[in-house]
Amino acid sequence: MITPSASAQHRHFQQQQSAILDTIEQLVTLESPSDVKAAVDRVSTVLASRFGELGGKVTVHKAEKFGNHLQVDFPSRSDRPRILLLGHMDTVYPVGTISKMPFRVSKGRVWGPGVFDMKSGIALALHVIESLLQWNNGALPKPVTVFLVSDEEVGSTSSRQITEKLAQQSEAVLVLEPAAGPNGAVKTARKGIGEYTIRVDGVAAHSGLDFQKGHSAVVELSRQILRLSEMVDLKRGTTINVGRISGGGRVNVVPAEASAVFDLRVRTKKDGERVHRKLMSLRPVDQKCKIKVTGALNRPPMERTAAIAALYKKAAQVATELGWKLEEAAVGGGSDGNFTAALGVPTLDGLGAVGDGAHSAHESVLISELPKRGALLSGLISSL
Ligand SMILES: [Zn+2]
């Protein structure tokens, strides 16, 4: 058998739609919050057997605090460099969420915790590989590695090294994260993300007896927060969000301590370095207060390089053959694609499902788009 035409691939995945939905149901009903290892391990075990049944060589990367990361290698008769399909099995929803937002199919959508971000993306990868194997007599047109991590929603600390190593051995990285917007745009740029803490130490004093001897950490922190908000530059795409503040204690004591945690997002590595330097050189307005800023960019930006643009063009060409126009988007959220793109490995993100409401109670995926996404992914793998 030879790989069918684009439209035949699309029809094939339309016929596969209920099988794809069954896989999505299997994955969504197994809840997998990042912080419950046993739960994520259950998903990892199920996927190891599903991908293993297709003939993939399964490697389980044991993780202590998180679920085990799953690597599946599919060989090929060609000695072309491999393609890495990247995704994550963890979700942001605590165990028990499924009773409040159960897996269900209604209004042309499939609903449930993690269905969009990104269990449907994993299901698509599984069915696409199964189909490519059928069309190519049991071997893929080129080697493909599927790597599914268990800690993406909490920063990928335990999987990052493996992701980077696999990416460096690959010709391209295709990320199965959700598509952007109702038209299903792929993501060719993502902001870099940093988390920082600013801590202020002031001087405590009785607010009645010795008010003038006190140096309020809360007042100083407030001044610094205003400085932080002045560093926001929407035109450049630089944002700082102070997400949490704490400080002080009794209402009749000038507070000696205060701190804030904030999130920095930047479009380019250069901007990241520039803002980082600025943050590290913040000085107190009240000289009797001390301030200390800690933190760093933990996900570098995914910048739209020429190689990424070329990869997008290939995907857009596949979409054209399927009769639709594939858009591209730059987004503020990060993914593991940030790591692989920052290494200079051509990376295309957002190849997963089309839907809405990631990380929220109305998380859902458009069923009618699933066959198209399957055909896009299989066509792209074949054309690389
Ligand atoms: Zn995700």
Discussion item. Conditions first: (1) under 30 Å from Asn136 (Cβ atoms); (2) within 16 Å of the ligand (Cβ to nearest atom); (3) of a type outside the set (Lys, Arg). Phe66 passes all but one, so which condition is the exception?
Written reply: (1)
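Within the range 69-124, can you find the residues that are under 21 Å from the mean Cα position of the chain (by Cα) and among the aromatic types (Phe, Trp, Tyr)? I'd like the intermediate steps shown before the answer.
Start the filter on the range 69-124 by keeping residues that are under 21 Å from the mean Cα position of the chain (by Cα), which leaves 69-72, 83-95, 97, 110-124.
The answer is Tyr93, Trp111, Phe116.
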Discussion item. Just the residues that are out of contact with any Leu (no Cβ under 9 Å at 6 or more places or on another chain) and within 13 Å of the ligand (Cβ to nearest atom), please, taken from the range 329-349.
Written reply: Val331, Gly333, Gly334, Asn338
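Residues checked against (1) over 26 Å from Glu328 (Cα atoms); (2) touching a Leu at 6+ places or on another chain (Cβ under 6 Å); (3) part of a loop (DSSP other than H, G, I, E, B):
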site	(1), (2), (3)
Glu153	no, no, no
Glu171	no, no, no
Leu174	no, yes, no
Glu177	no, no, yes
Asn183	no, no, yes
Lys187	no, no, no
Glu195	yes, no, no
Arg199	yes, no, no
Item to complete: Identify, by number, the condition in (1) outside any loop (DSSP other than H, G, I, E, B); (2) under 15 Å from Glu363 (Cα atoms); (3) in contact (Cβ under 8 Å) with a residue 12 or more places away in the chain; (4) away from the ligand (no atom under 16 Å from the Cβ) that Pro94 doesn't meet.
Response: (1)
Worksheet item: If we keep just the residues of the range 12-29 that are touching a residue at least 24 places away in the same chain (Cβ under 8 Å), over 24 Å from the mean Cα position of the chain (by Cα) and surrounded by fewer than 18 Cβ atoms within 10 Å (Cβ to Cβ), which is farthest from Gly374 (Cα to Cα)?
Response: Ala19
Item to complete: Six or more apart or on different chains, Cβ under 6 Å: which pairs go from a residue in the range 134-154 that's farther than 14 Å from Ser44 by Cα to one that's open to solvent by less than 30 Å² (accessible area, probe 1.4 Å) and β-branched (Val, Ile, Thr)? Could you list them?
Response: Val144/Ile83
Worksheet item: Does the range 75-84 contain at least one residue that is open to solvent by less than 10 Å² (accessible area, probe 1.4 Å) and either closer than 24 Å to Leu370 by Cα or within 16 Å of the ligand (Cβ to nearest atom) (or both)?
Response: yes
Worksheet item: Looking at Lys288, is it open to solvent by 40 Å² or more (accessible area, probe 1.4 Å) and part of a strand (DSSP E or B)?
Response: no
Discussion item. I'm trying to understand the selection: among the residues of the range 107-125, which are crowded, with 24+ Cβ neighbours inside 10 Å and away from the ligand (no atom under 16 Å from the Cβ)?
Written reply: Val110
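Tally up the residues in the range 161-174 that are under 14 Å from Val144 (Cβ atoms), within 16 Å of the ligand (Cβ to nearest atom) and touching a Ser or Thr at 6+ places or on another chain (Cβ under 7 Å), please.
Within the range 161-174, the subset under 14 Å from Val144 (Cβ atoms) is 166-167, 169-174.
Of the ones still in play, those that are also within 16 Å of the ligand (Cβ to nearest atom) are 173-174.
Now restrict to residues that are touching a Ser or Thr at 6+ places or on another chain (Cβ under 7 Å): 173.
Residues meeting the conditions: 1.
The values are calculated or read from the model by the stated rules, or taken from the named source; none is laboratory data. The shown structure was predicted, so the numbers you read here are calculated from the model rather than taken from an experiment. When we count neighbours, we look across all protein chains shown, and the Cβ atoms used for this are built from the backbone with ideal geometry, even at glycine. For the accessible areas, the whole protein counts, side chains as well, though only heavy atoms, and no ligand, DNA or RNA atoms are used. Shrake-Rupley method; radii C 1.70, N 1.55, O 1.52, S 1.80 Å.
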